[in-house]
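S.K.: My structure is below; once you've seen it, I'll send some questions.
What follows draws every value from the coordinates through simple rules; no lab data is involved. What you see is a predicted model, and the numbers here were worked out from it, not measured in a lab. Virtual Cβ from ideal backbone geometry, glycine too; neighbours counted across all protein chains shown.
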Amino acid sequence: MNMTISFKAALEPGLIDRLKSDHRFSSDEALGTAIRCTSAEVDELRRGGTPSYATALAIAAITGRDRLDFICRVTQAA
């Protein structure tokens, strides 16, 4: 039997706007390039969307964090 379990996670509240401001990204497009996603995905992340693993790693690199502790609200998706 093959069982797939998926999870939903979100970034800590306000992280996208802090990244944009603190690192002086001029637009969502510039931030998206830095965190490996599109400007539409940046907006989705801002509203609680689940980040990809590549995006999470890019955010960790930009912020200097060695853990992914900025990901929260992990729930099992139906």
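S.K.: Any chance you could run the full-extension gain for R47 through T75? It's 0.36 nm times the residue separation minus the Cα-Cα distance, nm to one decimal. Before the final figure, lay out each step's value.
M.R.: Details: separation 28, 0.36 × 28 = 10.08 nm, distance 1.62 nm.
Here the answer is 8.5 nm.
S.K.: Follow-up question, since we're still on this one. Quick one: what are the phi-derived ³J(HN,Hα) couplings along the stretch 52-60, Karplus 6.51/-1.76/1.60 with θ = phi - 60°, whole Hz, x for glycine and proline?
M.R.: 6, 4, 4, 5, 4, 5, 5, 5, 4
S.K.: Based only on the alpha carbon positions, what is the Kirkwood hydrodynamic radius of the stretch 12-76, in angstrom?
M.R.: One over the average 1/r among Cα pairs gives 11.8 Å for the stretch 12-76.
S.K.: Arrange the peptides 52-65, 27-40 so that the one whose residues have, on average, the most other Cβ atoms within 10 Å appears first. Walk me through the numbers on the way to the answer.
M.R.: Working: 52-65: 14.4, 27-40: 16.6.
By packing density, highest mean first, the sequence is 27-40, 52-65.
S.K.: Scan around L11 for amide H atoms under 5 Å from its own, H built in the peptide plane at 1.01 Å from N, and keep only partners 5 or more places away or cross-chain.
M.R.: Amide H neighbours of L11: C72.
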